[in-house]
Amino acid sequence: MTTTEAPSERVVLVGVVRSQAQLDEGNESLDELAQLAATAGAEIVDRFIQARPTPDPATYVGKGKAMEIVEQARKLKATAIVFDDELAPSQGRNLEDVAGVNPLAPDALKIIDRTGLILDVFAQHAHSAEGKLQVELAQINYMVPRLRGWGEVMSRIGGSGGGGASGPSLGTRGPGETKLEIDRRAIARRLKKVKEELKEVDRTRQVKNRQRERTGLPSISLVGYTNAGKSTLLNAFTDAGVLVQNKLFSTLDPVSRKLELPDGRPVVLTDTVGFVKKLPHQLVEAFKSTLEQTIHADLLLHVIDASQTDPNDHIEAVNQVLGQIGAGNVPRLLAMNQADKLDADALAGLKNQFPDALFISALRGQGLGELLEAVSQALSASQAVAEYLVPFDRGDIRSQMHDLGEVIQESGAEDGWRLTVKAPRSVLGRFGDFAVSFTPPEPQENGDKPAGE
Ligand SMILES: Nc1nc2c(ncn2[C@@H]2O[C@H](COP(=O)(O)OP(=O)(O)OP(=O)(O)O)[C@@H](O)[C@H]2O)c(=O)[nH]1
Ligand SMILES: [Mg+2]
């Protein structure tokens, strides 16, 4: 691990709820914000929640409240105030004005929002070249509308070669940080460069993907809320050795491993970036190519931390992101993880609420056999059917179809063999050049809705 903790930032957290009745929700959201801040290396010194029908368009909380918070932050020697939503650029500027913040002074009291904090955690956890570029792309898109003018401090955007975390502080961390001041034109140039480099990385990945497709293995993607235990599960199934820690967004780069199902079928299991409520759209866009692996999977294994107060809350947040990235229709299976933390009553309650879910402990290795059985069944149920026309000189393709899928029908036509094949989509996809028609799988009982809804 190369994580360098930021030099002790002291932060005050601020949230808004619609009414007093929603204080519990607001507090849970602030708990999560606190966890994000802690992951970024900050110490939480105070927190505020204001109940108001809508956030103040000018200052998020009311102006009076904003002044009170700033005063308290100064008293506690806080270095930043973190707001639990994405602030509009104008809200950020107004709050800086209320606080008398000079964004150019290095020791100024910073105004940070949830998006900025999440971007910061991502920047801290990005290790691969692609991950760093994706985060930088998201950061630039987040910052451009927030620039106050020419020559604003843009130290967080730097050359890709820098790589140093030389005393970065909360909200200013960036991959390849070089302490440069760049003007808008330079930012535009950098943006172009990052996009080009990403395109290049993406091309390399597509080649790799194609290689994997050529192996014709069904693919399963682990999805879920951050910190649910996706990497722990991949490690339990394989010897992937993915980093596991009680921090948010530990995993940013997809890791794929081959795994054998109980019926002997080999599959590819992929662990990837976790989701969170209010996942910044800049990140969803920047991580599109990473998230695409999810869309193309034959089955999603949705891993849930069952020990949460209300797992539905996280399930919904995950479903929302899945819909957003176009993976809403991929068949999925719910794995209620961390079941070892539940007492018998809670477990019975959840089993009742989620009758189709599998209850497991990735950490203790409990329920994993049953989970694999269920994966195997779901995979079979999600098979699609396609019809192909294979020229007579491609006997190799015809025999691959027989090896990898179930040939339902076969006949000789004038121009080649006509085959109707049933197999997981990833297997059918590799024969795409010969496809005549494609029938998606029939809707299953265990469809794409979480069980119990
Ligand atoms: N008690 C218990 N803890 C678990 C279990 N599975 C995972 N954990 C813990 O939960 C934390 C998060 O686990 P990870 O596997 O890193 O979670 P993740 O979903 O990969 O998280 P991100 O990559 O950050 O999105 C770690 O501290 C794990 O040890 C489980 O079944 N039981
Ligand atoms: Mg992980």
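Which of the following residues is away from ligand 2 (no atom under 16 Å from the Cβ), in a helix (DSSP H, G or I) and either surrounded by 24 or more Cβ atoms within 10 Å (Cβ to Cβ) or without any contact (Cβ under 8 Å) to a residue 60 or more places away in the chain (or both): V268, V207? If you could, list the steps in order and put the result at the bottom.
Working: V268 fails: in a helix (DSSP H, G or I).
Matching residue, one of V268, V207: V207.
Which of the residues belonging to segment 328-345 are free of Cβ contacts under 8 Å to residues at least 40 places away in the same chain and either of a type in the set (A, V, I, L, M) or within 19 Å of R364 (Cβ to Cβ) (or both)?
Keep residues of segment 328-345 that are free of Cβ contacts under 8 Å to residues at least 40 places away in the same chain, which gives 336, 339-345.
Correct list: M336, A339, D340, K341, L342, D343, A344.
For the subset of segment 248-258 comprising residues that are more than 9 Å from ligand 2 (Cβ to nearest atom) and part of a loop (DSSP other than H, G, I, E, B), which member is farthest from T294 (Cα to Cα)?
L248
State whether the residues of segment 290-308 include one that is in a helix (DSSP H, G or I), farther than 20 Å from L119 by Cα, modelled with pLDDT of 95 or more and within 16 Å of ligand 1 (Cβ to nearest atom).
Scanning segment 290-308, I find no residue that is in a helix (DSSP H, G or I), farther than 20 Å from L119 by Cα, modelled with pLDDT of 95 or more and within 16 Å of ligand 1 (Cβ to nearest atom), so the answer is no.
Select, from A42, A37, A51, A21, the only residue that is in the same structural domain as R114 (by TED's automatic domain parsing), of a type outside the set (F, W, Y), surrounded by fewer than 16 Cβ atoms within 10 Å (Cβ to Cβ) and in contact with a helix residue (DSSP H, G or I) (Cβ under 9 Å, 6 or more places away or on another chain). Talk me through it step by step, then tell me what you get.
Details: A42 fails: surrounded by fewer than 16 Cβ atoms within 10 Å (Cβ to Cβ); A37 fails: surrounded by fewer than 16 Cβ atoms within 10 Å (Cβ to Cβ); A21 fails: in contact with a helix residue (DSSP H, G or I) (Cβ under 9 Å, 6 or more places away or on another chain).
Residue meeting the stated conditions: A51.
Going through segment 219-247 one residue at a time, which ones are away from ligand 1 (no atom under 13 Å from the Cβ) and within 17 Å of E292 (Cβ to Cβ)?
S219, I220
Looking only at segment 11-47, count every residue that is assigned to a helix (DSSP H, G or I) and either out of contact with any strand residue (DSSP E or B) (no Cβ under 7 Å at 6 or more places or on another chain) or within 18 Å of V276 (Cα to Cα) (or both) and tell me the total.
If we filter segment 11-47 for residues that are assigned to a helix (DSSP H, G or I), which is where we start, we get 20-39.
Retained after the next criterion (residues that are either out of contact with any strand residue (DSSP E or B) (no Cβ under 7 Å at 6 or more places or on another chain) or within 18 Å of V276 (Cα to Cα) (or both)): 21-22, 24-39.
So the count comes out to 18.
Please state which one of L342, L379 is within 16 Å of ligand 1 (Cβ to nearest atom) and either modelled with pLDDT of 95 or more or in contact with a strand residue (DSSP E or B) (Cβ under 7 Å, 6 or more places away or on another chain) (or both).
Working: L379 fails: within 16 Å of ligand 1 (Cβ to nearest atom).
L342 is the lone residue from the list that is within 16 Å of ligand 1 (Cβ to nearest atom) and either modelled with pLDDT of 95 or more or in contact with a strand residue (DSSP E or B) (Cβ under 7 Å, 6 or more places away or on another chain) (or both).
Yes/no matrix, rows are residues, columns are (1) over 26 Å from L119 (Cα atoms); (2) in contact with a helix residue (DSSP H, G or I) (Cβ under 9 Å, 6 or more places away or on another chain); (3) among the basic types (K, R); (4) modelled with pLDDT of 90 or more:
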| site | (1), (2), (3), (4) |
| --- | --- |
| D253 | no, yes, no, no |
| L261 | yes, yes, no, yes |
| P266 | yes, yes, no, no |
| D271 | no, yes, no, yes |
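Which one of these is modelled with pLDDT under 90, within 16 Å of ligand 2 (Cβ to nearest atom) and not assigned by TED's automatic domain parsing to the domain that holds D433: A240, A228, A236? Walk me through how you get there before you give the answer.
Numbers: A228 fails: modelled with pLDDT under 90; A236 fails: modelled with pLDDT under 90.
Just one listed residue meets the conditions, A240.
Please go through (1) at pLDDT 95 or above; (2) polar (S, T, N, Q); (3) touching a Lys or Arg at 6+ places or on another chain (Cβ under 6 Å) for T59 and return the number of the only condition it doesn't satisfy.
(3) is the only condition that T59 fails.
When you go through L191, L180 one by one, which is the residue that is modelled with pLDDT under 85, more than 18 Å from I295 (Cα to Cα) and outside the structural domain of D403 (by TED's automatic domain parsing)? Walk me through how you get there before you give the answer.
Numbers: L191 fails: modelled with pLDDT under 85.
The unique qualifying residue is L180.
For the list (1) surrounded by fewer than 24 Cβ atoms within 10 Å (Cβ to Cβ); (2) charged (D, E, K, R); (3) closer than 18 Å to G328 by Cβ, I need the number of the one condition that D298 fails.
(1)
The values are calculated or read from the model by the stated rules, or taken from the named source; none is laboratory data. Bear in mind the structure is a predicted one, so any value in this text is a computation, not a measurement. Note: ideal-geometry Cβ built from the backbone for every residue, glycine included; neighbour counts use all protein chains shown.
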